[in-house]
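A.B. asks: Would you mind keeping the following structure in view while I ask a few things?
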Amino acid sequence: MLTRVATTLLANNQMALSAAARAAKQAGFHALELPAALHGAAATTGRRLAALGAALACEKPVCAIAGGETTVEVRGGGRGGRNQELALGAAIQFESSEVLSLLAVGTDGIDGPTDAAGAFADGGTLSRARALGLDPAMALAANDSNTFFDLEGGVVRTGPTGTNVMDLAFVHVAPRG
């Protein structure tokens, strides 16, 4: 039926993940690839990635790179997307950490119904947010991670990339000591 149709795969999530790992190694990181680690509820996955980061210890910086896509159960009337919600879940887990940070982004540059690609969170995210009167648990419950990160300063905007090979999350672990 479609005898003259040819399909060529230009990129996929694993290719993006591997390229990111190569770049991390070239930058001096111990790179850890976690294919298909992004699945399930976004905030839960963020907490799981934060716990993984807390368990990693190394002489040099570690960059764990996860690929896939999570989900969000919309319960509230806020604005956000799965990557921003994942980052908020992680931020709650590693509050006050001096060694952990996370960047979660959509490779298409779009996270949910927002102009963000995703969000960045570190051990100071919650203290900066609370200083502004923001409540991370309420933002998570209202699915309002975009407003939270926009005000806190962790929202990441790249603009549309013109491609989509799912999402990537980067967990950075600085050397301890």
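A.B. asks: Can you compute the modelled spin-label distance between ALA174 and LYS60, with each label point 7 Å from Cα toward Cβ, in nm?
C.D. replies: Taking the simple label geometry, ALA174 and LYS60 are separated by 1.8 nm.
A.B. asks: Run the quick spin-label model on ARG130 and GLU98: label points 7 Å from Cα toward the beta carbon, then report their separation in nm to one decimal.
C.D. replies: 1.8 nm
A.B. asks: Can you say what percent of the DSSP beta bridges in the range 26-173, counting only those with both residues inside, are antiparallel? Round to 5.
C.D. replies: Working: 21 of 28 bridges.
The answer is about 75 percent antiparallel.
A.B. asks: Here's something else I'd like to know. Where the centre of each part is set by its Cα atoms, how far does the range 93-147 sit from the range 1-73, in angstrom?
C.D. replies: So the separation of the two Cα centres works out to 19 Å.
A.B. asks: For the pair ALA51/ARG75, report the inter-label distance in nm, with labels modelled 7 Å from Cα in the Cβ direction.
C.D. replies: 1.8 nm
A.B. asks: Where in the chain are the helices, taken as whole DSSP H runs, whose Cα atoms extend 18 angstrom or more along the long axis and whose Kyte-Doolittle mean reaches at least -1.0? It would help to have the intermediate numbers written out before the result.
C.D. replies: Working: long enough: 13-26 (20 Å, -0.23); 42-55 (20 Å, 0.51).
Span-like helices here: 13-26, 42-55.
A.B. asks: GNM, the chain, Cα, under 10 Å: largest mean-square fluctuation among ALA142, ALA117, ALA31?
C.D. replies: The residue that fluctuates most here is ALA142.
A.B. asks: Lys and Arg at +1, Asp and Glu at -1: add these up for the other residues within a Cβ distance under 15 Å of ASN164 and post the number. Don't skip to the end; give the middle numbers.
C.D. replies: Details: positive: ARG82; negative: GLU69, ASP108, ASP111, ASP167.
Result for the local shell: -3.
A.B. asks: Can you figure out the FRET efficiency of HIS30 with ARG4, using R₀ = 35 Å and their beta-carbon distance, to the nearest 0.05? Walk me through the intermediate numbers first.
C.D. replies: On the way: r = 48 Å, r/R0 = 1.36.
Rounded to the nearest 0.05, the efficiency is 0.15.
A.B. asks: For ASP115 and ALA137, calculate 0.36 nm times their separation in residues minus their Cα-Cα distance, and state this gained length in nm to one decimal.
C.D. replies: Values: separation 22, 0.36 × 22 = 7.92 nm, distance 2.26 nm.
Using 0.36 nm per residue and subtracting the Cα-Cα distance, I get 5.7 nm.
A.B. asks: Jot down the radius of gyration and Dmax of the range 122-175, Cα atoms only, both in angstrom.
C.D. replies: 13.6, 37
A.B. asks: What are the ³J(HN,Hα) couplings of the range 105-115, residue after residue, when phi is run through the Karplus curve with 6.51, -1.76, 1.60 and θ = phi - 60°? Round to Hz, x for glycine and proline.
C.D. replies: 9, x, 5, 8, x, 10, 10, x, x, 10, 8
Readers should treat all values here as calculations from the given coordinates under stated rules, not as data from a laboratory. Since the model is a prediction, treat every value here as computed from it, not as a measurement. Every residue, glycine among them, receives a Cβ derived from its backbone with ideal geometry; neighbour counts consider all protein chains shown.
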